[in-house]
Amino acid sequence: MKRAVFSNPWLPIMLLVPQLFIIAVFFYWPAGFAIQSSFYLQDPFGFGSTYVGLENYTDLAQSAEYKRVAWFTLLYTFAVTFFSLAIALLLAVKADNVLRGAKTYRTLLMWVYAIAPPVAGLMGVMLFDQSRGNITKLFETFGWEFRLGVDYWDTATAMIIVAVWKQVPVNFIFFLSGLQSIPRTVREAALIDNRSATGRFWDVIFPLLAPTAFFLLIINITYALFDTFGVIDTLVKAEPGNNPVTLVYKVFIDGFRGNDLGGSSAQSVVLMVLVLILTIVQFRLMERRIHYT
Amino acid sequence: MARVTLEDVRKVYPNGFEAVYPCSFTVNHGELIVLVGPSGCGKSTLLRMVAGLESITEGEMSIGDRVVNDVDPADRNIAMVFQNYALYPHMTVANNMGYGLKNRGMAKAEIEQKVNDAAKMLNLSDYLERRPSQLSGGQRQRVAMGRAIVREPDLFLFDEPLSNLDAKLRNQMRIEIRSLQRRLDTTALYVTHDQVEAMTMADRIFVMNAGRIEQIGTPSEIYHHPQSTFVASFMGAPPMNLLPARTTGNTHVELADDLALPLVSHVDYAGPVQLGIRPEDVRLKDGGDGGTPFKLDIVEELGATRLLHGQLAGHAFTVAIPHEERSFDDTLTLDLPQDALHLFDHETGRRL
Amino acid sequence: MADITETSAPATRATPAAPTRRRINWGVIGDHAILIAGSLFMLVPVCMVFMTASHDPVTIHREGLQWWFGEELEANFSAALFERGGFTDTVDGMRMLTNSLILGVGFAIGKIIISMMAAYAIVYFRLKFATLAFWVIFTTLLLPLEVRILPSYEVIQSMGLTNTYTGLIVPLIASATGTFFFRQFFRSVPEELIEAARIDGAGPLKFFIDILVPLSRTMIAAIFIIMFVFGWNQYLWPTLITTEEGFFTLVRGIRQIVQVIADGNAIPEYGQAMALAIIAMLPPVLIVVFFQNWFVKGLTESDK
């Protein structure tokens, strides 16, 4: 908290009103609506709804399909987070090492940040296409018959590759700026204490990067959970069928294709609780970070 | 005429911490008062209360004839120079200095005139269109001074204004601030933890410790008649030697069973005391009778003076002597002049 | 960032001191090899899409993405920009480009104004319900619209805001990301500045307008870039809210392309599709590349 604060009674409220109003109408109202709907069963033809208590939730818990989607989401989130963090860290460490062209590399490695997920997805559609995809042909030379949209795991692979490609730049930017904020004297001290570069990295540099890594972990989890919607929707060509989808995608199809307001809402509530936990963890980390800096 | 009067002014933070215990004093017009003390002693809090940046929990504060307890900082007609200068980074030097005047609704031409005058006084005329980031540390300091001057305040407040400068610049600015304040004939409160600044700049020094004002006095009074062991050890470098001793209710103080020193006057109190002697008041004795034995450990060469560190009656003891070509034995004999001895209560640390 | 060379200096400065010079050189070459590989990984797919945008559909249909320029570059781009029909029935690329700009700029500006005000209130005022307001706002931090997509849609529909720019933009603003960025930045502004301003007679509004907003210029620019990219790249929400083609954005248009490809009735206009994809990525990419110093600063500031 700031030491010097104004004590005007009305101004801060006036300043907060627009934000609070928008959040109330477009966040809390829908969120409350979702919680309420999750206790009702909607008539598919729009003739009212019946209160069913926790039935939507128990249905979810027993649904084999929901479990399958949840497992896939877990795996997908793990794979996307792990690979995009690992690749970005490797590139950031190398970019931090080199003297020549450091700025050029930064530009080349970060610009993909600006590409929309569905555009990335469209590129994936072209590259992994079963009959004309360039990468499909490459895989063919290794004897892997890649079938996007037909084979469950092939589609999953394409999704993960595209999602990772799209996420590496953000992680790279954060890791590089984290590396650059490590004081030169600390590096020099490490240089004197440890002759192995790998040893220096894991003993000194990586622990100093850990706060950045934790922060990115949360960012990447939410990215994999929600922001890859466009990637998935394009790669399955808006027709999920037997293809792998994530939890948030299922919220969307059950709600808009299945007209299952109650079930979709219950899934929304589950996801919201999950993210709320992540938010709290994130804030805890933030507050703790103060000690690092 | 700007006198500053505080009557039983006190600061307690919401968490119950008493930052400033009730204190009363008057600062006369044109005086430069230095508040000095270790960090966390409440000196900055006191200054910020005078500025109006910190509320006053209890008591009454007036600047001139006006009680200012509830007066907004902008309306107290004060000016403040901050430790990190707090210049507005996006404004030019001229705008930085003129911003307060502009907020008072002063005409543009008049602002320009005042800013130019102040800039001339501070040798900043060539830098008026620059931004703070394009200036050196010393120049930024001057801009902060200029911002204070143009307001023509009743009262200058300085919060450790020189601590971000290097030693050489600090010495120079010390003199500049002092002469500027004299020239403008403006009352000033100056906070620092640097005792050299306190000694050289102040008309009067307020020594603060743990939220209390320990002593108020001229630099000479503070130095030669410290009212407590805290003041004695805080002011002066190297600090005053403080040794446990006892008085016997007569004209002597005993450092050890076989080591008694004569006092200037009779002391009624008998019991343990703390004996203080400034290192520079001690003299080396070349032969002759009497004297106090001193075991020498280390000699520090400071150029103009030498510091001899060692043991006296089993306690750490420092002697400062003028430089002269000579070598030292391990054991020396000291002359501790009786008018240089200070006696303090061994528990409260107050002067006896 | 000028300090790249500066901060990476120690690692390389140590090289001459190492006894075996040749091994160290191999290390540097290895570093560059990895960085070049990474850069190519990022660059090549997009270059291929660009090359492919200059070919005719039949070639693309037969061979997939192309490695070099064809004949149809101008034709494809002008068709994608100015011709109606193709993947949509009634809008051309220019209309979608305009809509994308409205969404990106409108979202970014709205977000900046609203979140700056809120962050100012949170950081600089003693509020009665500060903790409550804080949590009410920051609960929304990581919860994107996608999570509560169906109820949000129902709410907007009940308000009659489908197929309006308001319905497209405002609900997206309902998250605290911008407020959080500004909160972090305001907290790093030295306290003495506000104290100096108070002594200079600046009240809360004057301080905000005269000092804080100009001080935040870089931050505002950075957040504008981040939010513009975020708004421009929105997909699911525009897909639901805009059913009239007149409101389609470029990214929304991608969905039409994918559906045409999925239908597989005739050979889709692949060249035009790739041209449209390039147009859809160009503005945000250019902004991020040209203003990367601001953008990087703003992005990484948030995790302090």
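Taking the Cα atoms of region B:4-234, the ratio Rg/Rh between the radius of gyration and the Kirkwood radius comes to 0.97.
The share of accessible area on chain B that comes from carbon and sulfur is 46 percent, using a 1.4 angstrom probe. The relative contact order of region A:164-293 comes to 22 percent, based on Cα pairs under 8 Å that sit 6 or more residues apart. Of all segments of chain B bounded by GluC sites (Glu not before Pro) found in a DSSP loop with no more than 16 other C-beta atoms within 10 Å, the longest spans B:130-323. Solvent-accessible surface of region B:92-131, taken per residue with a 1.4 Å probe and all protein chains present: 57 Å². If you wrap the tightest convex hull around every Cα atom of chain C and split its volume per residue, you get 197 Å³.
The HN-Hα couplings worked out from phi for region C:105-112 by the Karplus form 6.51 cos²θ - 1.76 cosθ + 1.60 (θ = phi - 60°) are 5, x, 4, 4, 5, x, 4, 5 Hz, whole numbers, x standing for Gly and Pro. The C and A chains share an interface that buries close to 10900 Å² of accessible area, total over both sides, probe 1.4 Å. A loss of 30 Å² or more of accessible area (1.4 Å probe, protein heavy atoms, ligands and nucleic acids excluded) relative to the isolated chain is seen in these residues of region C:171-192: C:ALA174, C:PHE180, C:ARG187, C:GLU191, C:GLU192. Suppose only helical runs count, i.e. DSSP H with n ≥ 4. What mean residue ellipticity at 222 nm does that imply for chain A under -39500 (n - 2.57) per run, divided by all residues and rounded to the nearest 500 deg cm²/dmol? Calculated from helices alone, the mean residue ellipticity at 222 nm is -21500 deg cm²/dmol.
Look at the alpha carbon pairs under 8 Å that are at least 6 residues apart: their mean separation over the length of region A:92-150 gives a relative contact order of 17 percent.
Counting only Cα atoms, the size of region B:241-345 along its three principal axes is 43, 25, 22 Å, in decreasing order. Overall, the accessible surface of chain C at a probe of 1.4 angstrom is composed of carbon and sulfur to the extent of 64 percent. Straight-line cross-link partners of B:LYS108 among the lysines, defined as a Cα under 28 Å from its Cα and at least 8 positions apart when in the same chain: B:LYS120, C:LYS206. Subtracting the Cα-Cα distance of B:ASN250 and B:GLU7 from their residue separation scaled by 0.36 nm leaves 83.4 nm.
The contact residues of region A:168-203, meaning those that lose at least 50 Å² of 1.4 Å-probe accessible area when all protein chains sit together rather than their chain alone, are A:ILE173, A:PHE174, A:GLN180, A:ARG184.
Going from the isolated chain to the complete set of protein chains, region C:142-168 loses at least 50 Å² of heavy-atom accessible area (1.4 Å probe) at C:LEU142, C:LEU143, C:GLU146, C:VAL147, C:ARG148, C:LEU150, C:PRO151, C:VAL155. Loop-located trypsin sites (Lys or Arg not before Pro) in region C:36-116 (DSSP state not H, G, I, E or B) with no more than 16 neighbouring Cβ atoms inside 10 Å: C:ARG84.
Across region C:238-278, Cα-Cα distances exceeding 12 Å account for 60% of all pairs.
Out of every Cα-Cα pair that the protein assembly as shown contains, those further apart than 57 angstrom amount to 31 percent. Rounded to two decimals, the Cα-based Rg/Rh of region A:64-288, with Kirkwood Rh, is 1.04. The relative contact order of region A:64-288 comes to 30 percent, based on Cα pairs under 8 Å that sit 6 or more residues apart.
Estimated at the nearest 10 Å², the accessible area of A:MET14 is 120 Å² with a 1.4 Å probe.
Carbon and sulfur together cover what percent of the accessible area of chain A at a 1.4 Å probe radius? Summing carbon and sulfur atoms, their accessible area is 66 percent of the total for chain A.
The values are calculated or read from the model by the stated rules, or taken from the named source; none is laboratory data. Not measured: the values here are computed from a predicted model. When we count neighbours, we look across all protein chains shown, and the Cβ atoms used for this are built from the backbone with ideal geometry, even at glycine. Accessible surface areas use protein heavy atoms only, side chains included; no ligands, DNA or RNA. Shrake-Rupley method; radii C 1.70, N 1.55, O 1.52, S 1.80 Å.
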